[in-house]
Every structure is written in C-alpha cells, then in structure tokens.
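Trainee: I have a structure I would like to understand better, so I am pasting it below and will then ask my questions one at a time.
Values in this text are rule-based calculations from the coordinates and carry no lab data. Here the structure is a predicted model, which means the values were calculated and not measured. Methodologically, a virtual Cβ is constructed for each residue, glycine included, from the backbone with ideal geometry; neighbour enumeration extends over all protein chains shown.
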Amino acid sequence: MSIKEKIDQDLKEAMKQKDEHRKTALRMLKTAIRRAEVEKMRELTDEEVIAVIASEAKKHRQSIEEFAKGGREDLVEQEKRELAILESYLPKPLTESEIEEAARQAIEEVGATDPRQVGQVMRVLMPRVRGRADGRLVNKIVREILAGER
C-alpha cells in the first residue's frame, strides 16, 4: 500500500470516527500532495510524498515557534496535534550520532578537509538523509566535523 493510499484510508477512518483534528490534518496533507502533483503534472512517488509531508511538518514547526512567540497557546496546541499526525507518516528520524556517521562517510567520499567545502558534502549527504533529518542540523554537524569540533 502506498503512502497516499494509507492517507486516504486513514482519512476515511477519521471521518467515520468523527475525529475532527485528524480529518483536518489529513485533508490539508492531501491538498498539499495534490498541489505538488499538479506542479509536476504527474502522480508523486512515495519518496516525493514523504518530501511533501516533511515540508508540511517543517511549516508546522515554524508555526508553533511563531504562535508561541505571540502567546497563542490555543494555536500552538492545534499545530502540535497536526504535527504529530504528519510525523506518523514520516520515516523514523535519524539520531544525531547516525547523522554524524553519514556525514563522516560523505566527507570521506568527497575528500573534504576545509569548512569551505560544506556545499560539496551537503550535495552528497542530503539525498541520503532527506525526510529523516532536519537540514539545519545536518549542516551544523557537517560544519563542526570539518572545523574539527567533533
């Protein structure tokens, strides 16, 4: 079963159970997937669907930060509930040590020795960790390794 089929099935189940939070989050997700399919003019692969889900999850994390700054706890809670639903469709995130290990392998492959070569390492590393690690954290770890801080 593809991820899209699982989302459809879960949406039907949420509608039957009258779970408004889940229903709203899944409809929003289906809309984002449909929008990406229209842009690409074809059906998305599971990997591309995961990228859309990761992107939506990132937007929710940013919203949580902004709503918290604005003191809107009601909206923070709503965003957190939706984020939890989105994250249930994402692969298990990598730990910091797993990211570090992957970063060291990529650095070795590229032959990077200088912090100015972060871009070369990131081009090799990001496709391997996409959807399973935050890009900012990956970049930070690569910079620290290249600077000799790890």
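Trainee: Please name which of 70, 139, 106 has its Cα lying farthest along the dipole of the chain towards the positive end, using unit charges on Cβ (Lys, Arg +1; Asp, Glu -1) and the Cα centre as origin.
Mentor: Result: 70, furthest along the dipole toward the positive end.
Trainee: Additional query: What do you get for Rg/Rh over region 84-150 if you use C-alpha atoms and the Kirkwood form of Rh?
Mentor: Rounded to two decimals, Rg/Rh equals 1.01.
Trainee: So how far apart, in nm, are the two label points at residue 126 and residue 95 if each is 7 Å from Cα heading toward Cβ?
Mentor: 2.7
Trainee: Let me ask something else. Tilt of helix 73-87 relative to the longest C-alpha principal axis of the chain, in degrees (0 to 90, nearest 10)?
Mentor: 70
Trainee: Right, something else. Measure nothing fancy, just the Cα-based angle from helix 135-146's long axis to the longest principal axis of the chain, in degrees from 0 to 90, nearest 10.
Mentor: Value to nearest ten degrees: 10.
Trainee: Run through region 1-71 and list the GluC sites (Glu not before Pro) located in a DSSP loop whose Cβ has at most 14 other Cβ atoms within 10 Å.
Mentor: Hits after loop and neighbour filter: 43.
Trainee: Under a point spin-label approximation (7 Å from Cα along Cα-to-Cβ), what is the residue 8-residue 108 distance to one decimal in nm?
Mentor: Calculated label separation equals 4.4 nm.
Trainee: List, in the order given, every pair from 4/69; 4/40; 23/92; 69/92 whose Cα-Cα distance in the structure shown is over 25 Å.
Mentor: 4/69; 69/92
Trainee: Nearest 10 degrees, 0 to 90: what angle lies between the long axis of helix 46-69 and the longest principal axis of the chain (Cα atoms)?
Mentor: Helix 46-69 sits roughly 90 degrees off the main axis of the chain.
Trainee: Normalising by the residue count of region 1-98, find the relative contact order in percent from Cα pairs under 8 Å and 6+ residues apart.
Mentor: RCO, region 1-98: 29 percent.
Trainee: Taking θ = phi - 60°, what integer Hz values does the Karplus form 6.51 cos²θ - 1.76 cosθ + 1.60 yield along region 104-120, in sequence order, with x for Gly and Pro?
Mentor: 4, 5, 5, 4, 5, 4, 6, x, 6, 10, 10, x, 6, 9, 4, x, 5
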